Amino acid sequence: MKGEAGRQRHEKPKQEGHIWGSMRRTAFILGSGLLLLVAFWNSVTWHLQRFWGASGHFWQAQWERLLLTYEGKEWILFVTGATYMPVLSFWTINGLLLVVDTTGKPNFISRYRIQLGKNEPVDPVKLRQSVRTVLLNQLLISLPIVVLLYPTLKLWRDPCRRELPTFHWFLLELAIFTLIEEIMFYYSHRLLHHPVFYKKIHKKHHEWTAPIGVISLYAHPVEHVVSNMLPAMVGPVVMGSHLSSIMVWFSLTLIITTISHCGYHLPFLPSPEFHDYHHLKFNQCYGVLGVLDHLHGTDTVFKQTKAYERHILLLGFTPLSESIPDPPKME
């Protein structure tokens with residue numbers, strides 16, 4: 001008993017040291033990133049601001065024309081803008097990916113598959129079931145929630161106000177949206193992996209151990225609300241955002257989650273290795289950016305794999321599965 005108690009006392013400081021060490025490393029990473037951002041901020045934003053300013057009068061004029069057309073019916077303008085462009089972005093990208101998933105062509109894309117030998121081609125029955133669920137989630141859950149979002153935002157600030165946001169304000173909004181989404185998605189996602197919720201709710205999404213783009217929204221209705229919708233919507237509510245910001249943000253979130261699930265590590269696009277590994281192993285890599293996984297130690301196994309070595313931006317055309325191959329399997 002004394003030995004056991006001593007071991008526990010020894011482990012507790014060790015665990016605390018691990019947590020503080022993780023926090024210091026996270027602070028160092030974020031601090032270094034902030035310093036780099038400040039260093040390049042003026043140069044980058046000067047060029048982008050010139051573009052934004054040159055086109056700003058044009059977009060302001062178009063926005064005012066829309067307001068005039070929908071005068072008295074701004075809620076229709078809001079619902080259309082907050083759903084049409086994001087959904088169009090989602091299905092345009094996934095339509096192209098589904099061609100590759102179902103035919104294996106063009107080979108230029110299929111050669112970048114992460115989990116080799118999986119979904120070659122994708123199971124048509126399983127795919128039809130998933131697409132049907134995604135469409136139902138978008139129509140019966142996402143659309144009504146976006147309708148309710150309009151009066152919620154109006155309590156704080158009119159999302160269809162006449163003045164479009166400035167470029168710098170839009171950048172600030174994106175940063176805050178991303179931070180809120182990372183926190184809410186990580187903890188809601190990790191909660192869904194608790195045995196109480198996993199079997200009845202989250203297991204549906206994990207039917208795909210080798211994910212494809214369209215299944216990013218293949219989820220139980222409860223998960224779709226708690227883990228897909230709310231993390232993306234809270235930021236705009238907190239910031240009292242304009243419809244233009246919301247439209248761009250919703251489109252970006254759907255594009256990024258599609259890339260994370262697509263199953264291909266394509267050149268010049270964000271690496272999907274992190275979330276792909278989560279689908280493969282289930283108990284690693286719960287977040288979007290990976291900062292909270294680093295802090296909580298839920299990426300330690302991932303960091304010991306070849307997938308972690310491949311978790312980089314591919315700047316060439318040689319697939320990382322070839323340049324950084326998995327070790328040969330033991331017979």
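Collect the residues in the stretch 161-191 that are of a type in the set (Val, Ile, Thr) and open to solvent by less than 40 Å² (accessible area, probe 1.4 Å), keeping them in residue-number order.
First, pick out the residues of the stretch 161-191 that are of a type in the set (Val, Ile, Thr): 166, 176, 178, 180, 183.
Result: 180, single match.
Got a sec? Which of 322, 331 is open to solvent by 20 Å² or more (accessible area, probe 1.4 Å), assigned to a helix (DSSP H, G or I), modelled with pLDDT under 95 and not assigned by the TED database to the domain that holds residue 138? Step through it out loud before you land on a result.
Values: 331 fails: assigned to a helix (DSSP H, G or I).
It is 322.
Does residue 235 count as out of contact with any strand residue (DSSP E or B) (no Cβ under 7 Å at 6 or more places or on another chain) and crowded, with 22+ Cβ neighbours inside 10 Å? Spell out the reasoning first.
Values: out of contact with any strand residue (DSSP E or B) (no Cβ under 7 Å at 6 or more places or on another chain): yes; crowded, with 22+ Cβ neighbours inside 10 Å: yes.
For residue 235, the condition - out of contact with any strand residue (DSSP E or B) (no Cβ under 7 Å at 6 or more places or on another chain) and crowded, with 22+ Cβ neighbours inside 10 Å - is met.
From the list 295, 252, 289, 230, pick out the single residue that is of a type outside the set (Val, Ile, Thr), modelled with pLDDT under 95, closer than 30 Å to residue 153 by Cα and surrounded by fewer than 22 Cβ atoms within 10 Å (Cβ to Cβ). Explain how you work it out, then say what you get.
Values: 295 fails: closer than 30 Å to residue 153 by Cα; 252 fails: modelled with pLDDT under 95; 230 fails: modelled with pLDDT under 95.
Matching residue, one of 295, 252, 289, 230: 289.
Select from the stretch 98-138 the residues that are without any contact (Cβ under 8 Å) to a residue 40 or more places away in the chain and under 21 Å from the mean Cα position of the chain (by Cα) and write down the one among them that is farthest from residue 221 (Cα to Cα).
Residue satisfying both the conditions and the ranking: 135.
Criterion first (over 26 Å from residue 245 (Cβ atoms) and surrounded by 19 or more Cβ atoms within 10 Å (Cβ to Cβ)) does residue 224 satisfy it?
Numbers: over 26 Å from residue 245 (Cβ atoms): no; surrounded by 19 or more Cβ atoms within 10 Å (Cβ to Cβ): yes.
For residue 224, the condition - over 26 Å from residue 245 (Cβ atoms) and surrounded by 19 or more Cβ atoms within 10 Å (Cβ to Cβ) - is not met.
For the stretch 276-296, indicate whether the set of residues that are small (Gly, Ala, Ser) and in contact with a Lys or Arg (Cβ under 7 Å, 6 or more places away or on another chain) is non-empty.
Our first condition is that a residue be small (Gly, Ala, Ser); within the stretch 276-296, this holds for 287, 290.
Next, from what is left, pick out any that are in contact with a Lys or Arg (Cβ under 7 Å, 6 or more places away or on another chain): none.
Checking the stretch 276-296: not a single residue is small (Gly, Ala, Ser) and in contact with a Lys or Arg (Cβ under 7 Å, 6 or more places away or on another chain).
Checking residue 244 against (1) over 23 Å from residue 88 (Cα atoms); (2) open to solvent by 30 Å² or more (accessible area, probe 1.4 Å); (3) of a type in the set (Gly, Ala, Ser), only one condition comes out false. Which one?
(1)
Considering only the stretch 289-319, how many residues are part of a helix (DSSP H, G or I) and either under 28 Å from residue 107 (Cα atoms) or among the charged types (D, E, K, R) (or both)?
Keep residues of the stretch 289-319 that are part of a helix (DSSP H, G or I), which gives 291-296, 302-304, 306-309.
Remaining after also requiring either under 28 Å from residue 107 (Cα atoms) or among the charged types (D, E, K, R) (or both): 293, 303, 306-309.
Summing the residues that are part of a helix (DSSP H, G or I) and either under 28 Å from residue 107 (Cα atoms) or among the charged types (D, E, K, R) (or both) in the stretch 289-319 gives 6.
Suppose we filter 109, 114 for residues that are among the aliphatic types (A, V, I, L, M) and open to solvent by less than 30 Å² (accessible area, probe 1.4 Å); which single one remains? Talk me through it step by step, then tell me what you get.
Values: 109 fails: open to solvent by less than 30 Å² (accessible area, probe 1.4 Å).
Step by step, each of 109, 114 is checked, and only 114 is among the aliphatic types (A, V, I, L, M) and open to solvent by less than 30 Å² (accessible area, probe 1.4 Å).
Of the numbered conditions (1) under 18 Å from residue 182 (Cα atoms); (2) in a loop (DSSP other than H, G, I, E, B); (3) in contact (Cβ under 8 Å) with a residue 60 or more places away in the chain, residue 275 satisfies every one except a single condition; which is it?
For residue 275, the exception is condition (2).
Specify which of the listed residues (122, 134) is surrounded by 15 or more Cβ atoms within 10 Å (Cβ to Cβ), β-branched (Val, Ile, Thr) and within 28 Å of residue 322 (Cα to Cα). Lay out the reasoning, then the answer.
Details: 134 fails: within 28 Å of residue 322 (Cα to Cα).
None of the others qualify; the one that does is 122.
Among 219, 210, which is in a loop (DSSP other than H, G, I, E, B), assigned by the TED database to the domain that holds residue 118 and surrounded by fewer than 22 Cβ atoms within 10 Å (Cβ to Cβ)? Before you say what the answer is, go through the steps one by one.
Numbers: 219 fails: surrounded by fewer than 22 Cβ atoms within 10 Å (Cβ to Cβ).
The unique qualifying residue is 210.
Being open to solvent by 60 Å² or more (accessible area, probe 1.4 Å), more than 28 Å from residue 62 (Cβ to Cβ) and part of a helix (DSSP H, G or I) is true for just one of 127, 140, 148. Which residue is that? So that I can check it myself, show each step before the final result.
Details: 127 fails: open to solvent by 60 Å² or more (accessible area, probe 1.4 Å); 148 fails: more than 28 Å from residue 62 (Cβ to Cβ).
Every option except 140 fails the conditions.
Based on this model, can you work out whether residue 164 counts as touching a residue at least 40 places away in the same chain (Cβ under 8 Å), of a type in the set (A, V, I, L, M), within 17 Å of residue 246 (Cβ to Cβ) and not in a helix (DSSP H, G or I)? Can you show your working first?
Numbers: touching a residue at least 40 places away in the same chain (Cβ under 8 Å): yes; of a type in the set (A, V, I, L, M): yes; within 17 Å of residue 246 (Cβ to Cβ): yes; not in a helix (DSSP H, G or I): yes.
Here the answer is yes, as residue 164 does meet what is asked.
The values are calculated or read from the model by the stated rules, or taken from the named source; none is laboratory data. Nothing here was measured: the structure is a model prediction, and the numbers come from that model. Positions of Cβ are backbone-derived with ideal geometry, glycine not excepted, and every protein chain shown enters the neighbour counts. Only protein heavy atoms, including side chains, enter the accessible area calculation; ligands, DNA and RNA are left aside. Shrake-Rupley method; radii C 1.70, N 1.55, O 1.52, S 1.80 Å.
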